Amino acid sequence: MSAAQIIDELPKLTAAELQAVRRKLAEIAAENSAVALPDRGIDEVQAADLRSRLKTFAEDWERPEASIYDENPAR
């Protein structure tokens, strides 16, 4: 199926199906946007420390309402 065909099918999806598509696209984007930490001078110990410190933000950041920060460019 081509991209054009997929786009043509989107209006036919239910709200739940559209949400599932959005989640999958976000998942794919996240997989493809991984940062090579060693290239930035961050080793495994530092990465683990960062993960544990940033974990407190994950719940708020992943809330549906927070998607506005992804959609609106900085002003």
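Tabulated data for the structure shown
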| item | result |
| --- | --- |
| Nearest-ten-degree value, helix 15-32 long axis tilted from longest Cα axis of the chain | 40 |
| Furthest towards positive pole of dipole, Q19, A30, A4, structure part the chain, Cβ charges | Q19 |
| Charged-residue dipole, Cβ positions (Lys, Arg, Asp, Glu), region 4-75 about Cα centre, Debye nearest 20 | 120 |
| Computed over the chain, Cα set: Rg, Dmax in Å | 16.9, 48 |
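A short reminder: the numbers here are calculations on the coordinates, not readings from a lab. Quick caveat: nothing in here was measured; it's all calculated off a predicted structure. So basically every Cβ, Gly included, is an ideal-geometry build from the backbone, and we count neighbours across all protein chains shown.
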